[in-house]
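Everything below concerns the one structure shown next.
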Amino acid sequence: MKTESTNRQSINSAVEAGKVAYRILIRSSPVIALLLLWQVVGLAGILPEYVPAPHTIVSYLLVMWNEGTLVKNSWATLQLVYVGFFGGSALGIVLGVLTGRNAIFGRLFDPLVSMTYPIPKIALFPIFVIWFGIGFMSKAVVVFLAAFYPVYIHTFDGVRNTPELHIWSAQNFNASRLQILTEVVIPDSLPQILSGLRVGLALAFIVVFSAELIQSDFGLGQLALQARQFNNYELMFSSISMIAIFGVFHDRLLLLIRQRLLYWQGGDHS
Amino acid sequence: MSTSSRGSAWLSRLNDWAEQTTYPISYLSIFGLLVVWELGALLVSSSYGPPLIPRVEVVAMELYTMLVIEGTVYPDIFATLFRVFVGFTAALVVGIPVGIWMGSDKRVEFVLDPLISTLYPVPRIAFYPLLLVILGLGHAPKLVVIFIESLIPILLGSYYGVQSVSKLHIWSGENFGASRFRVFRDIVLPASLPYIFSGVRMAMPIALIVTVVTELVASSEGIGYVIIQAQGSFEYETVFAGVVLISALGITFDKLLARLREYLLFWAGDVSIDM
């Protein structure tokens, strides 16, 4: 009796998982079709010399893995994304909540931020190179700034748009200021904060790759630039596909986290 | 207890004052930034070479020279503006119709939506070295990268916009015998305009970022080129002047778009696209 019910449960969950996998497969079929087409055209040998077929790229990635260049450069790039993104978004959330909740901070700092927001942060990169040299630091600061702004702006908007009614009812129940913050304001603005994080993450990847293209000693962007100098298209596409895979992977991870956090919202954007 | 409550009372009074005051305290922070810059310039000294932080007035003088006395920077400003303008306009011309098409035709949505959402987190700027190989060093590779980077926010804005149109409005339009074209022109398009505009507003800074990056990497003119040239020859005040110029462009574009929104979409509340 008992084993039967667990059996049925496991069958049900397997069916459920199969359905999900099937749906994902159907949904991503255009992407898969495009990759297959690329491979077929590549095998037929009608691609221009500067576009290698997927299987050549994969085998080149294996060569790079064996040489150790793949891990070294990917890690350099990812490290910058992590440090810049986590630092920038942490500051963005904290400052956004402060300026959104507190009129004096809002009046003082928001003008500065909205004034500097449209400045392309990557233009500051040459200055940071002058200050910190071509190392880790100059790039980390640019990525930090690039990730900070969208997260700040979205957090500020979210906090500002918290319905007064929710705050009043919490106050009515004698909630402390801290409780209002952690149990009303932040959950209320969470959807906005997460959108900001998603924009910030995408920007962090753009800026990391750009900074590495401009001036760097290693990293995926630097590999792409070297590849251009030596006309090594396998290397170029290896670095492009690595940054693409990292970008998509981290974005999907963020979306999964958002689904978990916002299960109550029931939105199905992806 | 009493001190903390007195403290919070004082804080809330300060907050009320800040909420209502007409003193231009907004400018304090911007002025503060300049003060910090100047102080940094005075305090940070380099043991050799030019000062790491040029003083505010030196940079201002350099800007004045570039813009007025010698007037040498205009071709570079025009080159940058030209690239932003052409790449961005191309993205508008392609992105809005395709986004609307995606939102109104299920088959197109099925094909394009996965492609776009896969491409969204990929830094398209990664294709720049490849485009340099294919298209050479001129305007063309830059325009293509600016186009593909600003395309996707615009496209997604239009797509979400069409999706957000209330079915009820479309049905009532159809009920009054409106043709498909009229439903589109009088209902779908106006209702999705705020979203389209949000996408455009999101794409504008990206277009400028990408323009500067392409100029910093490989170029022979443009503000980015001026900056990286000056950095290579240790003329740090020119680097700072170039950064101020590009910042001014970014702020101007942003203000122009905000104005345009007030003019076109005065009836619509601010919508943010849920990315």
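The values are calculated or read from the model by the stated rules, or taken from the named source; none is laboratory data. The model shown is predicted, which means the values in this text are computed figures rather than measured ones. Note that each Cβ is placed from the backbone with ideal geometry, even for glycine, and that neighbours are counted across all protein chains shown. When the accessible area is computed, the model is the full protein with side chains, heavy atoms only, and any ligands, DNA or RNA have been set aside. Shrake-Rupley method; radii C 1.70, N 1.55, O 1.52, S 1.80 Å.
May I ask you to list the chymotrypsin sites (Phe, Trp or Tyr not before Pro) in segment A:133-208 that are in a DSSP loop and have at most 14 other Cβ atoms within 10 Å of their Cβ?
A:F173
Taking the Cβ of B:G87 as the center, what net charge do the other residues with Cβ under 14 Å away carry, scoring Lys and Arg +1 and Asp and Glu -1?
+1
Quick one: accessible surface of B:V133, probe radius 1.4 Å, all protein chains present, in square angstrom to the nearest 10.
So the heavy atoms of B:V133 present about 40 Å² to solvent.
Can you list which of the DSSP-assigned H helices in chain B have a Cα extent of 24 Å or more along the long axis and an average Kyte-Doolittle score of at least 1.6?
Long hydrophobic helices here: B:26-43.
Among all stretches of chain B without exposed chymotrypsin sites (Phe, Trp or Tyr not before Pro) (DSSP loop, at most 13 other Cβ atoms within 10 Å), which one is longest?
Between the exposed loop sites, the longest stretch runs B:49-175.
In this model, which of B:K106/B:K167; A:K121/B:K255; A:K139/B:K255 are farther than 26 Å apart at the alpha-carbon?
Checking Cα-Cα distances, A:K139/B:K255 exceed 26 Å.
Express in nm, to one decimal, how much length is gained between A:V20 and A:Y263 on full extension, taking 0.36 nm for each residue of separation and deducting their alpha carbon distance.
Result for the pair: 85.8 nm of gain on full extension.
As a test question: what accessible area, to the nearest 10 Å², does B:L216 have when a 1.4 Å probe is rolled over all protein chains in place?
10
Quick one: check the C-alpha center-to-center distance for segment A:140-173 versus segment B:188-228, whole angstrom.
Computed from Cα coordinates, the inter-centre distance equals 25 Å.
At 1.4 Å probe size, with every protein chain present, just tell me what the per residue accessible area of segment B:64-193 comes to in Å².
Here the per-residue accessible area is 48 Å².
Which of B:G222, B:S198, B:V144 sits farthest toward the positive end of the charge dipole of segment B:133-275, with +1 on the Cβ of Lys and Arg and -1 on the Cβ of Asp and Glu?
It is B:S198, whose Cα lies furthest towards the positive end.
Keeping every protein chain in place, order B:S198, A:S59 by accessible area at 1.4 Å, biggest value first, i.e. largest first.
These residues rank, largest area first, as A:S59, B:S198.
Given a 1.4 angstrom probe, I'd like the percentage of the accessible area of segment A:179-270 that is carbon and sulfur, rounded to a whole number.
In segment A:179-270, the share of accessible area belonging to carbon and sulfur is 59 percent.
Could you work out the relative contact order of chain B? I mean the mean sequence separation of Cα pairs under 8 Å and 6+ apart, divided by the number of residues, in percent.
Relative CO of chain B lands at 22 percent.
Tell me the relative contact order for segment A:164-237 as a rounded percent, counting alpha carbon contacts under 8 Å between residues six or more apart.
14
Which residues, if any, in segment A:98-119 have at least 20 Å² less accessible area in the whole protein complex than in the isolated chain, probe 1.4 Å?
Flagged in segment A:98-119: A:N102, A:A103, A:I104, A:R107, A:L108, A:P111, A:L112, A:M115, A:Y117, A:P118, A:I119.
Rank A:E212, A:E234, A:E183 by mean-square fluctuation in a GNM of chain A with C-alpha springs under 10 angstrom and give only the top-ranked residue.
Per the Cα network of chain A with a 10 Å cutoff, A:E183 tops the list.
For the pairing of chain B with chain A, what total accessible surface becomes buried, with a 1.4 angstrom probe, in square angstrom to the nearest 100?
Buried surface at the B/A interface: approximately 5800 Å².
Where the accessible area of chain B is counted over protein heavy atoms with a 1.4 Å probe, how much of it, in %, is carbon and sulfur?
Looking at chain B in its full context, I get 68 percent from C and S.
Just add up the charged neighbours of B:L189: K/R +1, D/E -1, any other residue whose Cβ is under 15 Å from the Cβ of B:L189.
Combined, the nearby Lys, Arg, Asp and Glu give +2.
With the other protein chains left in place, how much accessible area per residue, in square angstrom, belongs to segment A:84-219 at a 1.4 angstrom probe?
Per-residue value: 38 Å².
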